[in-house]
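Working notes, structure below.
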Amino acid sequence: MSKREDLIPEIKRRLRYDPLTGKCYWIALNRHHPRLTGKEAGTLRQCKGGARYYIKVNRLAVPLARIAFVLMIGRFPEVADHINGDTQDNRWSNLREVTSSQNSWNIPYERTCKKSGLPIGVRKLGNKYQVRIAVNKKTFHLGVFDTIEQAQKVYLDAKKKYHGEFARPQ
């Protein structure tokens, strides 16, 4: 059993999750913090993907979204994804288990590449624009186009097709 899996019984014993609000509450604490029983659990931390709530269980900080999975289905997810992209919205209806690839498709990207100034998925090839998209660690070449607008439209259509429900519009 991994260190995280060892936390499952402790999480179930000490926390209650409200699926409608996405909040966790302490139901039983150790002798050091009895005043917190019944209070909302979690601390907001700034991290790479945006601010999210963490709860310390046995000295390990665990994202609230992962704790929600433990309390709802009894295990940690591979990756907990926030459907609407708001990492602070931990309502059960906004959470889903995904693979790391699927989760990367749901990351909000800027419309243009900072280095080249071209739309994401488009690169300049002479006087034309080449479109590529990555799916499950494979790159697909979608064609070469005369204008940036044509290339970007093809990329966005492919993103919807290949990334499906995980595609976040740009």
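All of the numbers you see were taken from the coordinates with simple rules; none came from a lab. All values derive from a computational prediction rather than experimental measurement.
List the residues, sorted by chain then number, that are 5 or more residues from LYS23 or on another chain and whose placed amide H is less than 5 Å from its amide H.
ASP18
Anything over 26 Å Cα to Cα? Flag those among LYS56/LYS160; LYS128/LYS160; LYS23/LYS161; LYS128/LYS161, in the order listed.
LYS56/LYS160; LYS23/LYS161
Straight-line reach only, C-alpha to C-alpha below 16 angstrom: list the aspartates and glutamates that LYS124 could link to, leaving out same-chain residues fewer than 8 apart.
ASP146, GLU149
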